Each structure stands twice: as C-alpha cells, then as structure tokens.
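Everything on this sheet refers to the single structure shown next.
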Amino acid sequence: MANHAIVICEHCDAVFQRPMLAPGVLARCTRCDAPLYRNRPLDLDVMLALALTALIVLVLANVFPIVTLQVSNTEREATLWGAILATYDTGVAFVALLAALTVFFFPLLQILLYLHVLLPMRWGLRTAGFRYSMHVLRAMQPWSMVEVFVLGVLVAVVKLAGMAEVTPQLGMWGFALLTVLLTLLNSFDLHQLWDIAQERCDG
Amino acid sequence: MAESGPIVTATELNIVACSACGQVVKLGAEREGAPCPRCAAPLRHRKRNVYSRSWALLISASILYVPANLLPIMRTRTIGGAPRDDTILSGVVELWTAGSIDLAIIVFVASIVVPLVKIATLAMLLITAQRRSSWARRGRARIYRIIEFVGHWSMLDIFVVALMAALVRFQTLADITPRPGAVAFGAVVVLTMLASRRFDPRLIWDAAPAAASAAPIDEVHAVAADAAPASPDQA
C-alpha cells in the first residue's frame, strides 16, 4: 500500500522512501532532523494494561490528600479538588478552570478514550465512534499536564516548609506514578493505532 | 546521516500526509481541505491562516505578559503582619533566599524565561517564514520543536498558587489567596501554546531551492536511519 512505501516529514514536507528499520531504531528527516518514525511494534495489551493502571492510579491520586500542613494544633490537607475549589472560592475562576482541565479532566478523558478505543480493538471488535475518539485523543495530548502539576506540588511544599510542617501524602505519589504511566501511554504513536484499525476493517 | 540527494516535497508531488492519522493521500482533483479517506480530517499541504492567527495570539500573549509579571499572583496574610503580595519574580527571590536555589532556577526558567523566549522565538519564526528567509533553516526547525516541547511547563506557577491557597487557610492565623496576576499569567501560557501550535514548521522550508523537477515517487531517496540513543521509550 502506498501509505507504507513512503513517509512525509510532518515538519518540512520532505518525502522519503520508507525502509524497514531494525527494532527500536528511529528514522530522522535528513533535511530538518525531525523524528519521522520508529520501528516499535504497538502492543495493544501493553497499552491496555497501562491505561487501566492509569485509571486506578488517577482515582487514588484524587481521593487521597496530596500534602498535609500542620500549624500549631491545626492540620490542613489538600487534594487536587481542594486546590481547585479553594482557587475558585477566592475569585480567580479562570485559574481554577485551568487546573481542573489540565490536571483532572483532560488526563481522565485521555485515559477513558484510550480504554474506549483499545478494549474493542483488543478483541477485534469495532469501536463505536472510533474516528471521533481518535481525533479528540490527539487534540487532548498537549493539554494534559499532570507532570507539571507534580513539579508544582514540590515547589509548594518547599515554599511552605519554612512556615509550617508539610508532609507529602499518598496523593502525591499517586500523581507521580500517574505522570510515568501517562508518559508511557502517550509515547505510543497514534498513527499506528489508525493503521491497526484499518487492517482489521479491511481484512 | 545518509546521502542527501535533492529533496522532493509532498507539495510538489501533490501528495499529503493527513495531519490527524498519518495516511498518505494523493490529492488528485480534490482541492485543499478535502476529507481524509481514512479519518475524515481535512487534508491540507499547510495549515490555514498561519500568519494572521499566530500573530493575533502572539500579540495578545505579549501584551498580557506585562500584567502577568507586574501584578501580584498571590497574597499572604499572617497574624500580626501586613498582607504581603507576591509577583512571580518575588516568589522566585523568596525561594532563592530560603536556600532552594535549584527550585528557584526551575521556577525562574519555567515562569519568566520560557514565556519570554517563546514569544520572541515565535515572532522570529513568523517573520523569517513570512520573508521566506533561507537563514539557518535547520536551526529554526529545531528551535520550533524545542519551544513546542517545553511550552506547557510554564503552567507551573498556576499549580503552585492553587495548592498554596488550598493549604494555607487558617482563618485568623494565616491565609493565601490567588491574585489577578495569576489570571494574566495563565492566559499568557495558554495563548503562547495556541500560537505555537498554529505555526506550521513546513513554512520554514517553503521556497527552499527545490528539485529541478518533481521526481516520481520511486526515485525519492531513502531516509536516514540513525540508531536511536538509548532512551527510556525504546522498544
């Protein structure tokens, strides 16, 4: 099929023949040096396992407090939603909205869409709304920012350490683990998922 | 790097790779914007309205960069003291004087340097592409990929403020509240991200010395394949 004979660099429009690569090797554009493609088989089972684990970890990370703060005899704990609501209450709704979207809704939607696409695929069934789900999945990727949030927790802990006793809690480890899982999940090439879906439908 | 024969572009061959699903399609009678046969996304050689939209987003971002840095992003109230307003920069200074030099540098880079460099770089990319400049094409292509990659880390301070506001709420003792500077700052980050996503790096290469005539597809030369350095996502 023509689709697999040539490759077009997304970054500079150069056209190349598409040779078979040794496993794990990354092809780069000779003109602009952008990565073109990698010979890395897409394993649906691995992706499914990652997506399922990420869903469980996301729930745990949101249920347990991220950090607790102790001043004299009072203790306060913060969850992600505690932070979002506190920001909303104090009148900067836009900031609360940004945090809610980039750390909660987009990652959650990403994971759910992965599951929605992968589960039927794994057993050779058609995914309802496959096209639509894949388009949303692609649009969502740059706006999911769990990794930045984890660094934000770290900075907040250090800033408050001089003021009171701050202890990281389970939620913090949850978000750290979620960062790893989402990074792995997003390292898969969505174009390959389209290829697999097409092969299944044609064959 | 492998041999480099004349580069043939997809535009010259009138083929296009779908930006959504990667399918390579021969654009025959169909015009720009025809739906991809596989995923129905519009097929285009270049993104639409790159200059007008990127400039609009970028100018808005650079205007908001001023209040984002001058207005306080949070207010700390402690018992027996006057309320203290912090800007992004004073937050960095506070981290530095408290001894967390590494975090101070991270926040300084993420919140102040990255948005500024991103705005300046995008402006440079837009101007050079508009003038069809041939200056440092490879370097410009690389710097675009870098700003695309680091852009969202600027959201750091937004999360710091939200978390501190959630934690420090001891009615009379002390409390921290976000201030309007945080809104301007969040808007700067979102606007620069939108602006850089709207830019089309293929414009950097347009009007590059083209192949004398469009070669048929089977004469397109083979791609360079360098062994990827050991990376965590290697298969």
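Observations on the model:
- Scan of region B:94-144 for residues that are among the polar types (S, T, N, Q) and within 15 Å of the chain's Cα centre (by Cα), ordered by number: B:Ser111, B:Thr121
- Test: A:Leu58 is at pLDDT 95 or above, in contact with a Pro (Cβ under 9 Å, 6 or more places away or on another chain), closer than 19 Å to A:Val150 by Cβ and hydrophobic (A, V, I, L, M, F, W, C): yes
- Residue check, A:Gly82 part of a helix (DSSP H, G or I) and at the interface with chain B (Cβ under 7 Å from one of its Cβ atoms): yes
- Criterion (farther than 30 Å from B:Asp86 by Cα, more than 17 Å from the chain's Cα centre (by Cα) and either at pLDDT below 90 or not hydrophobic (A, V, I, L, M, F, W, C) (or both)) met by exactly one of B:Ala174, B:Ala207: B:Ala207
- Within the option set A:Leu137, A:Leu182, A:Leu193, being over 20 Å from B:Ser19 (Cα atoms) and assigned to a helix (DSSP H, G or I) holds for one residue only, A:Leu182.
This table checks each residue for (1) more than 19 Å from the chain's Cα centre (by Cα); (2) open to solvent by less than 80 Å² (accessible area, probe 1.4 Å).
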| position | (1), (2) |
| --- | --- |
| A:Val46 | no, yes |
| A:Leu50 | no, yes |
| A:Val57 | no, yes |
| A:Asn73 | yes, no |
| A:Glu77 | yes, no |
| A:Leu85 | yes, no |
| A:Thr90 | yes, yes |
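- Extreme residue, farthest from B:Asp102 (Cα to Cα), among residues of region A:160-173 that are open to solvent by 30 Å² or more (accessible area, probe 1.4 Å) and part of a helix (DSSP H, G or I): A:Leu170
- Residue under evaluation B:Leu116, criteria (1) more than 30 Å from A:Ala34 (Cα to Cα); (2) assigned to a helix (DSSP H, G or I), criterion not met: (1)
- Residues of region B:107-123 satisfying the condition of being open to solvent by 20 Å² or more (accessible area, probe 1.4 Å) and either without any contact (Cβ under 8 Å) to a residue 12 or more places away in the chain or in contact with a Gly (Cβ under 9 Å, 6 or more places away or on another chain) (or both): B:Val109, B:Val113, B:Val114, B:Ala120
- For region A:1-44, a residue qualifies if it is aliphatic (A, V, I, L, M) and open to solvent by 50 Å² or more (accessible area, probe 1.4 Å), and the qualifying residues are A:Met1, A:Ala2, A:Ala5, A:Met20, A:Ala22.
- Within the span defined as region A:125-134, every residue fails to be facing chain B (nearest Cβ under 7 Å) and under 24 Å from B:Leu163 (Cβ atoms).
- Qualifying residue in region A:62-70 (condition: open to solvent by 70 Å² or more (accessible area, probe 1.4 Å) and either facing another protein chain (nearest Cβ under 9 Å) or free of Cβ contacts under 8 Å to residues at least 40 places away in the same chain (or both)): no
- Residues that are among the hydroxyl-bearing types (Ser, Thr, Tyr), within 29 Å of A:Arg200 (Cα to Cα), surrounded by 22 or more Cβ atoms within 10 Å (Cβ to Cβ) and under 20 Å from the mean Cα position of the chain (by Cα) occur at least once in region A:112-124.
- Some residue of region B:71-86 being more than 7 Å from chain A (Cβ to nearest Cβ), acidic (Asp, Glu) and within 30 Å of B:Pro178 (Cβ to Cβ): yes
- Odd one out for B:Leu163, checked against (1) open to solvent by 10 Å² or more (accessible area, probe 1.4 Å); (2) touching a strand residue (DSSP E or B) at 6+ places or on another chain (Cβ under 8 Å); (3) at the interface with chain A (Cβ under 7 Å from one of its Cβ atoms): (1)
The values are calculated or read from the model by the stated rules, or taken from the named source; none is laboratory data. For clarity, every value in this text was computed on a predicted model and none was experimentally measured. Glycine gets a Cβ as well: all are built from the backbone with ideal geometry, and neighbour counts include every protein chain shown. With ligands, DNA and RNA removed, areas are computed over all heavy atoms of the protein, side chains included. Shrake-Rupley method; radii C 1.70, N 1.55, O 1.52, S 1.80 Å.
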